[in-house]
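Peer 1: Let me begin by handing over the structure; questions about it come next.
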There are 2 protein chains.
Amino acid sequence: MARKRGSHSDITGPKVREAALRLFARSGYAAVSMRQIAAEVGLQAGALYSYTADKQSLLFDLMREHLDDLNSSVDAETGQDTPIDQLEGFVRHHIRFHKSRAAAVFIAYMELRNLEPDNFATIEGLRRDYERRLEAILRRGQESGDFRPADPRVTAMALIGLLAGLTQWYRETGRLGIDEIEEIYWDLVRHAVRV
Amino acid sequence: MARKRGSHSDITGPKVREAALRLFARSGYAAVSMRQIAAEVGLQAGALYSYTADKQSLLFDLMREHLDDLNSSVDAETGQDTPIDQLEGFVRHHIRFHKSRAAAVFIAYMELRNLEPDNFATIEGLRRDYERRLEAILRRGQESGDFRPADPRVTAMALIGLLAGLTQWYRETGRLGIDEIEEIYWDLVRHAVRV
DNA sequence: GTCTATAACCGGATAGAC
DNA sequence: GTCTATCCGGTTATAGAC
């Protein structure tokens, strides 16, 4: 097949980001070279710099896009009336979202330390926004008497840890499907906080 | 001060491991160079190879020692009679152990992907041993009727995620002390699994 | 046991041809 | 838009002097 000519930035750009996502998730940001990313897309290393300023921007853009998507999509799933329904929406959305974007989720949790200071502050802010959504649900549930009284911040971080841990061990090929795991997790969370 | 001469391997060896632990935890294995570790101890890079075969062995030895300690120490805290007491021992031990060795814990969770295949298999086996201890406690508690029926493997992984998440956000200088957090976490776990 | 020096290699990023 | 070629600095690991 002849080498393609002409403009492909609208196709190649996404392909570069997808390759970076896949490789960063598999090997870690620091262990992946620009040459590897280029080879995955079928380019020479130099050509990558038409699509990204540098390696750091590649990581930062991936993380920011992921967290923006996460925050906007969770709002659509937590619009119910009661705190218990809101919590259920949050938990189920987290699990389904994190299954469908396992690589991005993994990067967002593992590569924080490879962000330069300014980028780190931005990403940390987006993570904090997500945590606060859960914290607010817990606070409302305590005020309504649906949830046992407990520090909302610590409880939110504990529950996010529980949910986030899924990416560490869940595999598509495992014994249980994501639907069964979703039920078990929701059951645990519900009993953990309800009166 | 004059440069020290003669044999110091019994002092320098541990200092090398401590420096590696600190630096790996702070910056990540891939981002730390042998030169940095050497500088931290006050050696030249070449001299490190008197104390370790290579950088990989440094990581592997740190992780194996940590997980061996974790597994043997948790047994001493989960020897109680009832499953609920065993679970409480497991949770409280995890939190205290992980606070006292934050750097090693962080490495054991973050640097798995930087282990070479054989080393990875060994470390993964030790992690699995730890998970199985919790799984066994949950299974006994279900058989005795103390815990609600729920898949013990998935429940164990969920609870370990909850506990392990602590290292991602807990800071010594934070609003709450580790004792208060320990109580909140134990309260969550207890309600999550009890009938 | 630790040093200096060096081998052999790989990293990100850029310049200029096409 | 992509290529080749290159810069320059970094990496792990080893050899041999002291």
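Peer 1: What about B:Leu138, is it in contact with a Ser or Thr (Cβ under 7 Å, 6 or more places away or on another chain), under 16 Å from B:Gly161 (Cα atoms), open to solvent by less than 60 Å² (accessible area, probe 1.4 Å) and in the same structural domain as B:Met63 (by TED's automatic domain parsing)? Give the derivation first.
Peer 2: Numbers: in contact with a Ser or Thr (Cβ under 7 Å, 6 or more places away or on another chain): yes; under 16 Å from B:Gly161 (Cα atoms): yes; open to solvent by less than 60 Å² (accessible area, probe 1.4 Å): yes; in the same structural domain as B:Met63 (by TED's automatic domain parsing): yes.
Judged against the criteria, B:Leu138 is a match.
Peer 1: Of all residues in segment A:56-87, which are out of contact with any Phe, Trp or Tyr (no Cβ under 6 Å at 6 or more places or on another chain), more than 27 Å from A:Phe120 (Cα to Cα) and open to solvent by 10 Å² or more (accessible area, probe 1.4 Å)?
Peer 2: Answer for segment A:56-87, where residues must be out of contact with any Phe, Trp or Tyr (no Cβ under 6 Å at 6 or more places or on another chain), more than 27 Å from A:Phe120 (Cα to Cα) and open to solvent by 10 Å² or more (accessible area, probe 1.4 Å): A:Glu77, A:Gly79, A:Gln80, A:Asp81, A:Thr82, A:Pro83, A:Ile84, A:Asp85, A:Gln86.
Peer 1: (1) facing another protein chain (nearest Cβ under 10 Å); (2) closer than 13 Å to A:Leu87 by Cα; (3) open to solvent by 60 Å² or more (accessible area, probe 1.4 Å): which one isn't true of A:Val195, the others all being true?
Peer 2: Of the numbered conditions (1) facing another protein chain (nearest Cβ under 10 Å); (2) closer than 13 Å to A:Leu87 by Cα; (3) open to solvent by 60 Å² or more (accessible area, probe 1.4 Å), the odd one out for A:Val195 is (2).
Peer 1: Among (1) within 22 Å of A:Gln168 (Cα to Cα); (2) touching a residue at least 60 places away in the same chain (Cβ under 8 Å), which single condition is A:Glu116 missing?
Peer 2: Condition (1) is where A:Glu116 drops out.
Peer 1: Can you tell which of B:Leu188, B:Leu166 is in contact (Cβ under 8 Å) with a residue 24 or more places away in the chain, at the interface with chain A (Cβ under 8 Å from one of its Cβ atoms) and under 14 Å from the mean Cα position of the chain (by Cα)?
Peer 2: Values: B:Leu188 fails: under 14 Å from the mean Cα position of the chain (by Cα).
Being in contact (Cβ under 8 Å) with a residue 24 or more places away in the chain, at the interface with chain A (Cβ under 8 Å from one of its Cβ atoms) and under 14 Å from the mean Cα position of the chain (by Cα) holds for just one of B:Leu188, B:Leu166, which is B:Leu166.
Peer 1: While we're looking at this one, here's another question. Residue by residue through segment A:15-29, note down the ones that are within 14 Å of another protein chain (Cβ to nearest Cβ), surrounded by 18 or more Cβ atoms within 10 Å (Cβ to Cβ) and assigned to a helix (DSSP H, G or I). Let's see the steps before the verdict.
Peer 2: Applying the first criterion (within 14 Å of another protein chain (Cβ to nearest Cβ)) to segment A:15-29 yields A:22-29.
In the following step, the residues that additionally are surrounded by 18 or more Cβ atoms within 10 Å (Cβ to Cβ) were identified as A:23-25, A:28-29.
Matches in segment A:15-29: A:Leu23, A:Phe24, A:Ala25, A:Tyr29.
Peer 1: Of the numbered conditions (1) open to solvent by less than 70 Å² (accessible area, probe 1.4 Å); (2) over 21 Å from B:Gly28 (Cα atoms); (3) modelled with pLDDT of 95 or more, A:Ala53 fails exactly one; give the number of that condition.
Peer 2: Failing condition for A:Ala53: (1).
Peer 1: Still on this structure, I have one more. Quickly run through segment A:40-63 and pick out the residues that are of a type in the set (A, V, I, L, M), in a helix (DSSP H, G or I) and near DNA strand C (Cβ under 10 Å from one of its atoms).
Peer 2: Taking segment A:40-63 and keeping what is of a type in the set (A, V, I, L, M), we get A:41, A:43, A:45, A:47-48, A:53, A:58-59, A:62-63.
Pick out the ones that are also in a helix (DSSP H, G or I) and you get A:41, A:45, A:47-48, A:58-59, A:62-63.
Matches in segment A:40-63: A:Ala45, A:Ala47, A:Leu48, A:Leu58.
Peer 1: Kindly establish whether B:Ile37 is assigned by TED's automatic domain parsing to the domain that holds B:Leu126 and either of a type outside the set (Ser, Thr, Tyr) or outside any loop (DSSP other than H, G, I, E, B) (or both).
Peer 2: On the way: assigned by TED's automatic domain parsing to the domain that holds B:Leu126: no; either of a type outside the set (Ser, Thr, Tyr) or outside any loop (DSSP other than H, G, I, E, B) (or both): yes.
No.
The values are calculated or read from the model by the stated rules, or taken from the named source; none is laboratory data. Given the structure is predicted, the values throughout are model-derived calculations rather than measurements. Every residue, glycine among them, receives a Cβ derived from its backbone with ideal geometry; neighbour counts consider all protein chains shown. Surface areas here come from the heavy atoms of the whole protein model, side chains and all, with no ligands, DNA or RNA. Shrake-Rupley method; radii C 1.70, N 1.55, O 1.52, S 1.80 Å.
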